[in-house]
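Student: Questions regarding the structure given below will be posed in turn.
The values are calculated or read from the model by the stated rules, or taken from the named source; none is laboratory data. None of the values given here were measured: they were computed from a predicted structure. Here the Cβ positions follow ideal geometry from the backbone for every residue, glycine too, while neighbour counts run over all protein chains shown. For the accessible areas, the whole protein counts, side chains as well, though only heavy atoms, and no ligand, DNA or RNA atoms are used. Shrake-Rupley method; radii C 1.70, N 1.55, O 1.52, S 1.80 Å.
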Amino acid sequence: MDVFTYFRFVFWFLFCLSVIMFAVTAFQRTERLNTFGLGFLVVTIIGTSVILLGTEGFIVDAYALGGDTVTTYLCLATCGISSLAFVTHIWRGVRREKRQDSRRGY
């Protein structure tokens, strides 16, 4: 049985991009990415990943090939880590604002 693995490198690239984006948002000292830019990256990465997974499903069904479970798990991991990066950015922003307010005495 053949396995369709042609999109696997794209999923690995998107996964690595998500991990780098999460590392930048989790360990940054100053705000390098604003919320709009990070949100745009998250929506783009998740959208590309989901569209590629759907396209792979159509191709696999059309040619009766065996699906690739690795790309499915990579898509899920990419969506999860990208969402986690956005939530981490929002959470750190709220904590940073509270810390600045406590220093001002409000």
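Student: Output yes when any residue across region 1-9 is among the charged types (D, E, K, R), under 30 Å from Leu65 (Cβ atoms) and in contact with a Gly (Cβ under 7 Å, 6 or more places away or on another chain), and no when none is.
Tutor: Scanning region 1-9 turns up at least one residue that is among the charged types (D, E, K, R), under 30 Å from Leu65 (Cβ atoms) and in contact with a Gly (Cβ under 7 Å, 6 or more places away or on another chain).
Student: I'm told Ile81 meets every condition in (1) aliphatic (A, V, I, L, M); (2) surrounded by 14 or more Cβ atoms within 10 Å (Cβ to Cβ); (3) under 16 Å from Val3 (Cα atoms) except one. Can you identify the failing condition by its number?
Tutor: With respect to (1) aliphatic (A, V, I, L, M); (2) surrounded by 14 or more Cβ atoms within 10 Å (Cβ to Cβ); (3) under 16 Å from Val3 (Cα atoms), Ile81 is out only on (3).
Student: Could you please find all residues in region 32-54 being outside any helix (DSSP H, G or I) and either touching a residue at least 24 places away in the same chain (Cβ under 8 Å) or open to solvent by less than 50 Å² (accessible area, probe 1.4 Å) (or both)?
Tutor: Listed by number, the list holds a single entry, Leu33.
Student: Another question, then. Restricted to region 57-73, and to residues that are under 21 Å from the mean Cα position of the chain (by Cα) and at pLDDT below 95, which residue is most open to solvent (accessible area, probe 1.4 Å)? If you could, list the steps in order and put the result at the bottom.
Tutor: Looking only at region 57-73, we keep the residues that are under 21 Å from the mean Cα position of the chain (by Cα), and these are 57, 68-73.
Next cut, at pLDDT below 95 only: 57, 68-72.
Values: Gly57: 31, Asp68: 12, Thr69: 89, Val70: 52, Thr71: 1, Thr72: 56 Å².
The residue in question is Thr69.
Student: Going through region 21-31 one residue at a time, which ones are open to solvent by 100 Å² or more (accessible area, probe 1.4 Å) and either in a helix (DSSP H, G or I) or under 27 Å from Asp61 (Cβ atoms) (or both)?
Tutor: Residue satisfying the conditions is Phe27 alone.
Student: Only one of (1) modelled with pLDDT of 95 or more; (2) loosely packed, with under 14 Cβ neighbours inside 10 Å is not met by Ser18, so which one is it?
Tutor: (2)
Student: Here is a list of conditions, (1) more than 10 Å from the chain's Cα centre (by Cα); (2) surrounded by 15 or more Cβ atoms within 10 Å (Cβ to Cβ); (3) under 19 Å from Cys75 (Cα atoms), and Phe13 meets all of them except one; can you say which number that is?
Tutor: So the condition that Phe13 fails would be (2).
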